Amino acid sequence: MIVKNRFNLNYMKNFFLYFSTIFLFGFSTNLLAQTQLEMNQIAIDNLKKADNKLNQVYQNLMKKLDEKEKNLLIAAQKNWIKFRDSKCDFEKQQYDGGSIQPSIYYTCLAECTEDRIKDLKRNLEDYNK
């Protein structure tokens, strides 16, 4: 009886460990990247996904606005893009000439874009009330 319970406990631990590992690897493509080139490509892909999501949220918000608000949002978005690009240019500068520089740059752009998505979603929620 004690041996059987130990077997079940070990089986459950191994089962949990196995599926935890699969889960982590399945949702983190960065863990699968083996070269700097692959990491750079993942950063670019993450930016593209974030940019697509940003455009979707931006368009949904624009539908809720009157003409004056649309013009203000357009100006704010243009200024935000300038800020984001300048910020990420600054962050990548310390890696000038290094193979990691593109990864740093595109990761920065993606993170800033994700933050902007959150901002625009909050605005959209305010208009949906």
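Of the residues making up the stretch 42-64, just one is closer than 13 Å to LYS121 by Cα and of a type in the set (Val, Ile, Thr), namely VAL57. With a requirement of 2 or more residues that are surrounded by fewer than 12 Cβ atoms within 10 Å (Cβ to Cβ) and at pLDDT below 95, the helices (runs of 4 or more DSSP H) lying completely within the stretch 26-129 that satisfy it span 101-128.
The values are calculated or read from the model by the stated rules, or taken from the named source; none is laboratory data. Keep in mind that what you see is a predicted model, and the values were worked out from it rather than measured. Note that each Cβ is placed from the backbone with ideal geometry, even for glycine, and that neighbours are counted across all protein chains shown.
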